[in-house]
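Here's the structure we're looking at; comments come further down.
The values are calculated or read from the model by the stated rules, or taken from the named source; none is laboratory data. Only a predicted model underlies this, so the values are computations on that prediction, with no experimental measurement involved. Cβ placement follows ideal geometry from the backbone for every residue including glycine, while neighbour counts extend to all protein chains displayed. Each accessible area value is taken on the protein alone, full model and side chains, heavy atoms only, with ligands, DNA and RNA left out. Shrake-Rupley method; radii C 1.70, N 1.55, O 1.52, S 1.80 Å.
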Amino acid sequence: MKHLAGQVVIVTGASSGIGAATSLACAHEGARVALIARRQAKLEAVAEEVRRAGGEPLVLPADLADTSAAPQLVDRVRGQWGRVDVLVNNAGQGLLASFEQTPPEELRHLLELNVVAVLTMTQAVLPVMRRQGSGHVINISSVAGRRGTPWRSAYSATKFALGGMTESLRQELAGSGIHVSLVYPVNVPTEFQMVEVRKMQVPGRGPTQTAEQVAAAIVRCAKRPRPDVYPYRLAKGLAALSVVAPSVVDALAASATGRATRQSPAP
């Protein structure tokens with residue numbers, strides 16, 4: 001098990017939710033944390049919490065949908081601290097809509113942030129980690145990236161894509177000293193749900209967990225790397241059951257999401 005004290009950690013989507021909780025959890029371990037998100041005021045507030053927790057923050061406002069942003073951000077971190085030890089690719093966006101309500105441009109938008117931004121950020125840090133001979137890329141997926149659920153077809157598609165990309169990268173980096181991990185949270189009530197596009201009213205009844213619980217699992221993974229992390233342990237069983245008894249999981253997913261109703265279009 002390694003320690004995070006003095007380590008340089010980059011967290012994307014750090015202004016709220018899982019990203020903010022992870023930044024704070026790393027600060028409690030004594031890490032230096034680069035905070036990346038679009039909203040500078042929110043990042044500054046998280047940075048103050050990081051300082052109070054004993055960490056050293058670096059605020060980097062950026063829109064990761066801009067594919068040119070990643071190399072500049074990593075250069076800023078390397079210029080500040082000389083290295084990058086952990087990258088937590090957490091930034092992402094959701095879409096609550098039926099398959100038939102999902103136009104191609106909305107799927108493309110999700111892909112840009114949920115998949116392409118992970119690609120560009122990881123490509124930007126890998127040369128630094130290769131020179132160090134060490135590093136850890138932790139990608140934040142969702143249980144929806146192991147099992148599709150109603151009204152999440154586009155979001156699940158992006159998270160399944162992230163899973164495949166992460167598994168391939170892990171094999172490509174075998175023996176390099178660079179670890180690659182994938183985290184599968186269940187539903188986490190945060191600002192994520194408030195800012196996503198919601199075309200359905202769905203009375204969700206599935207399992208939930210807090211951002212702090214997910215952050216604790218991420219920190220444990222950073223200290224003791226593992227390929228897959230399920231912060232909600234029963235979710236791993238659900239993923240396995242989905243392979244051997246998909247119709248059973250279909251019924252469970254329908255029960256958890258409840259009956260959906262379409263939202264009325266805006267006037």
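Structure notes:
- Pairs where the first residue, in region 186-197, is closer than 15 Å to A215 by Cβ and the second is of a type in the set (D, E, K, R) and in a helix (DSSP H, G or I), C-beta under 8 Å, 6+ apart: none
- Just one residue in the set A27, A5, A21 is open to solvent by less than 20 Å² (accessible area, probe 1.4 Å), of a type outside the set (D, E), in contact with an Asp or Glu (Cβ under 7 Å, 6 or more places away or on another chain) and closer than 23 Å to V229 by Cα; that residue is A21.
- Residues of region 211-235 that are part of a helix (DSSP H, G or I), open to solvent by 50 Å² or more (accessible area, probe 1.4 Å) and either touching a Cys at 6+ places or on another chain (Cβ under 8 Å) or free of Cβ contacts under 8 Å to residues at least 40 places away in the same chain (or both): Q213, R220, L234.
- From the list G164, G145, the one residue that fits, being within 12 Å of the chain's Cα centre (by Cα) and closer than 28 Å to R108 by Cβ, is G145.
- Conditions (1) open to solvent by less than 60 Å² (accessible area, probe 1.4 Å); (2) touching a residue at least 24 places away in the same chain (Cβ under 8 Å): number failed by A47: (2)
A quick yes/no check of all residues on (1) part of a helix (DSSP H, G or I); (2) in contact (Cβ under 8 Å) with a residue 24 or more places away in the chain; (3) in contact with a strand residue (DSSP E or B) (Cβ under 7 Å, 6 or more places away or on another chain); (4) more than 27 Å from P225 (Cβ to Cβ):
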site: V88; (1), (2), (3), (4): no, yes, yes, no
site: L96; (1), (2), (3), (4): no, yes, yes, yes
site: N114; (1), (2), (3), (4): yes, yes, no, no
site: L119; (1), (2), (3), (4): yes, yes, no, no
site: Q123; (1), (2), (3), (4): yes, yes, no, no
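- Taken together, the residues in region 177-210 that are assigned to a loop (DSSP other than H, G, I, E, B) and basic (K, R) amount to 2.
- Set G163, G148: member being open to solvent by less than 10 Å² (accessible area, probe 1.4 Å), touching a helix residue (DSSP H, G or I) at 6+ places or on another chain (Cβ under 8 Å) and not β-branched (V, I, T): G163
- Scanning region 63-75 for residues that are open to solvent by 20 Å² or more (accessible area, probe 1.4 Å) and in contact with a helix residue (DSSP H, G or I) (Cβ under 6 Å, 6 or more places away or on another chain) returns A65, T67, P71.
- Those residues of region 125-145 which are touching a Lys or Arg at 6+ places or on another chain (Cβ under 8 Å) and open to solvent by 20 Å² or more (accessible area, probe 1.4 Å), in sequence order: Q132
- Looking only at residues in region 187-210 that are of a type in the set (D, E, K, R) and under 13 Å from W151 (Cβ atoms), the one that is least open to solvent (accessible area, probe 1.4 Å) is E196.
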